[in-house]
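Remarks on the structure that follows.
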């Protein structure tokens, strides 16, 4: 539901997700409804999702709103799985989660908490509209997405930004390092002062596709920014 997948996926001849794209799959329970009128549709949804850290013991919370303007439609392709007609639309979605990470000692007895959250703003804009697939020639459709948040690395495909996994200190001075902390890299880590911090993520993605007679052209570009909060 975060990023309103797959509605705002870009056109691409490679397998999704492309680097930096919001693209994820998780067990979930959701409820949603689309309110329909002739000029405008409004989609509202919310759900609980499997958390990225098992030991958090708290499911993710996600929600989304999307507005479709039905009188202005364009031709687009989701990934490389087929061309379709979709209306001008704007969407906003968010995620909230909690982490419980074992303390940074040789033999942990307790844990520390941190919170993660993110927001995604998305748009599908038919610049040169088309009525249907049989009148798709010379149409042009743009799409864009902006995602920002902290502790949301799992919402992107196989990406950590080089943030390392952390291990517990050795049980004895000069001994081997302890086991890895119970959280995946890129989500949260302890800073030099020993405080648990989530990792910030921000991503821009935009692209466009056009259909000329007997020719389909698409392009997409992305920028991803990562920062380690308060480190």
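Search the stretch 201-231 for residues being within 21 Å of residue 118 (Cα to Cα) and crowded, with 20+ Cβ neighbours inside 10 Å, and hand back the single one that is modelled with the highest pLDDT.
This residue is 201.
Which residues, taken from the stretch 63-91, are touching a residue at least 12 places away in the same chain (Cβ under 8 Å) and not in a strand (DSSP E or B)?
We begin by selecting, within the stretch 63-91, every residue touching a residue at least 12 places away in the same chain (Cβ under 8 Å); these are 63-80, 83-91.
Hits for the stretch 63-91 are 78, 80.
For the stretch 163-195, how many residues are on the phi > 0 side of the Ramachandran plot and in contact (Cβ under 8 Å) with a residue 24 or more places away in the chain? Spell out how you get there, then give the answer.
So the first thing to find is which residues in the stretch 163-195 are on the phi > 0 side of the Ramachandran plot, and the list is 174, 186, 194.
Remaining after also requiring in contact (Cβ under 8 Å) with a residue 24 or more places away in the chain: 186, 194.
So the answer is 2.
So, in the stretch 112-148, of the ones that are surrounded by 15 or more Cβ atoms within 10 Å (Cβ to Cβ) and over 22 Å from the mean Cα position of the chain (by Cα), which residue ends up modelled with the lowest pLDDT?
Selected residue: 136.
Go through the stretch 92-111 and give me each residue that's touching a residue at least 60 places away in the same chain (Cβ under 8 Å), closer than 23 Å to residue 199 by Cβ and over 20 Å from the mean Cα position of the chain (by Cα).
Initially, the stretch 92-111 is screened for residues touching a residue at least 60 places away in the same chain (Cβ under 8 Å), giving 93-95, 99, 101-102, 104-108.
This time we only want the ones that are closer than 23 Å to residue 199 by Cβ, so: 93-95, 99, 101-102, 104-105, 108.
Listed by number, the residues that qualify are 101, 102, 104, 105, 108.
Count, please, the residues in the stretch 16-42 that happen to be closer than 25 Å to residue 126 by Cα and in contact (Cβ under 8 Å) with a residue 40 or more places away in the chain. Don't jump to the end; show me each part of the working.
So in the stretch 16-42, the residues closer than 25 Å to residue 126 by Cα come out as 16-23, 33-42.
Remaining after also requiring in contact (Cβ under 8 Å) with a residue 40 or more places away in the chain: 16-23, 41.
Final tally of qualifying residues: 9.
Can you go through 35, 15 and tell me which one is closer than 19 Å to residue 93 by Cα and over 11 Å from the mean Cα position of the chain (by Cα)? Full working, then the answer.
Working: 15 fails: closer than 19 Å to residue 93 by Cα.
It is 35.
The values are calculated or read from the model by the stated rules, or taken from the named source; none is laboratory data. Everything numeric here is computed off the predicted structure, so don't read it as measured data. Virtual Cβ from ideal backbone geometry, glycine too; neighbours counted across all protein chains shown.
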